[in-house]
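Taken together, the values in this text are just the output of simple stated rules run on the coordinates, not laboratory data. All values reported here derive from a predicted model rather than from experimental measurement. Glycine gets a Cβ as well: all are built from the backbone with ideal geometry, and neighbour counts include every protein chain shown.
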Amino acid sequence: MKIRFWGVRGSIPAPGPDTIRYGGNTSCVSVETRTGGLVVIDMGTGLMHLGNHLMTGAFGKGQGRASILLSHTHWDHIQGLGFFPPVFVAGNQFTVWGPGGSPEVLEGILEGQMDPNFSPLQTLKNFSATFDVRAVRCGLPFDAEGLRVTCREHPHGSATALAFRIDDGTRTFVYASDVGQPDAGAPPHPDAIAFYQGADVLLHDTTYRPEDQATRRNRGFSSYEDAADAAIAARVGKLVMFHYDQDYSDADVDELLASCRATLDARGGAAIGLVPAREGEELEI
Ligand SMILES: [Zn+2]
């Protein structure tokens, strides 16, 4: 699997001179399978850049297809959709897997952001591509472009978000962003650890420093310590840091990286690799 980061920021885009190295776009990650299939995870503003890239290939000719996995429908995970050029090319096919309990509810939520009060697109029906919306049922694995996907719902503030475990038969990638443990200092939930167990790569949100998380607990995000503890407990091969707070500069994220490394080393995770997600970079597993 080739994992590529198109948006790594949390909550709201934060472009500017202080975020140029890690990037200011919100959550969007692509996974290319060994056979050339494409799975997109989350549709934050990074989706626009992925779309522009895809238009240079089959998607520009109306011959592309992809599965999109949607963790939840907060703005920073859906806002790129109206700016994703491949949906305006007839012939392209998308299958969207996400929360909501039923395809109608999920489609209704996505339709809501196209309302004329928010967008000139007015409705999803103005897309030329096929846009097939399906609701996932956690516990029931499904196939996305030849990858086996399972999901788990974790707490995220007053809502929930889905984590995805993606398996290609030889390698496993877990995407777990916007993970909000309700109790300060609580160890990772046993069900979460079981879900992450032994993954080659665990992408986990490291939205905050612990001291910043303490003042914003109700927002439902993890600190780098939460992510490190989960990685150690689940014995993963590599931890990817993700979904940095919008107010953190590149220097802040550098500091987050050093602190996360030190936490892993001090708590028994010295063998775990650590990579900070950076917009435009790729990770092959
Ligand atoms: Zn988010």
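Observations on the model:
- With both residues required to sit in region 2-284, DSSP beta bridges show an antiparallel share near 50%.
- Residue-wise HN-Hα coupling along region 120-126, computed from phi with Karplus coefficients 6.51, -1.76, 1.60 (Hz; x: Gly, Pro): x, 6, 6, 7, 4, 5, 7
- Here the relative contact order of region 2-284, from alpha carbon pairs under 8 Å that lie six or more residues apart, stands at 18 percent.
- 222 nm mean residue ellipticity, helices alone, for the chain (DSSP H n ≥ 4; -39,500 (n - 2.57); rounded to 500): -6000 deg cm²/dmol
- Antiparallel bridge percentage (DSSP; both residues within region 1-137; nearest 5): 40 percent
- Fraction of antiparallel bridges per DSSP, region 1-63 only, in percent to nearest 5: 90 percent
- Remark on region 193-285: ratio of C-alpha radius of gyration to 2.2 N^0.38 Å is 1.02.
- Inter-centroid distance (Cα atoms) of region 110-187 relative to region 198-253, Å: 19 Å
- Shape class for the chain, computed from the alpha carbon gyration tensor (a ≥ b ≥ c): prolate, with a/c not under 1.5 and a/b above b/c.
- Of the trypsin sites (Lys or Arg not before Pro) in region 214-258, those whose Cβ has at most 16 other Cβ within 10 Å and which sit in DSSP loop: ARG216, ARG235
- Charge dipole of the chain (Cα centre as origin; +1 on each Lys and Arg Cβ, -1 on each Asp and Glu Cβ, all else neutral): 680 debye, rounded to the nearest 20.
- Sites matching trypsin sites (Lys or Arg not before Pro) across region 104-183 that sit in DSSP coil, with at most 16 neighbouring C-beta atoms within 10 Å: ARG137, ARG171
- Taking amide hydrogens as placed 1.01 Å from N in the peptide plane, the amide H of VAL133 sits under 5 Å from those of VAL96, each at least 5 positions away in sequence or on another chain.
- Scoring 222-232, 260-270 by mean Cβ neighbours within 10 Å over their residues and listing the highest first yields 222-232, 260-270.
- Contact order, relative form, for region 137-285: 19 percent (alpha carbon pairs under 8 Å, 6 or more residues apart, mean separation divided by residue count).
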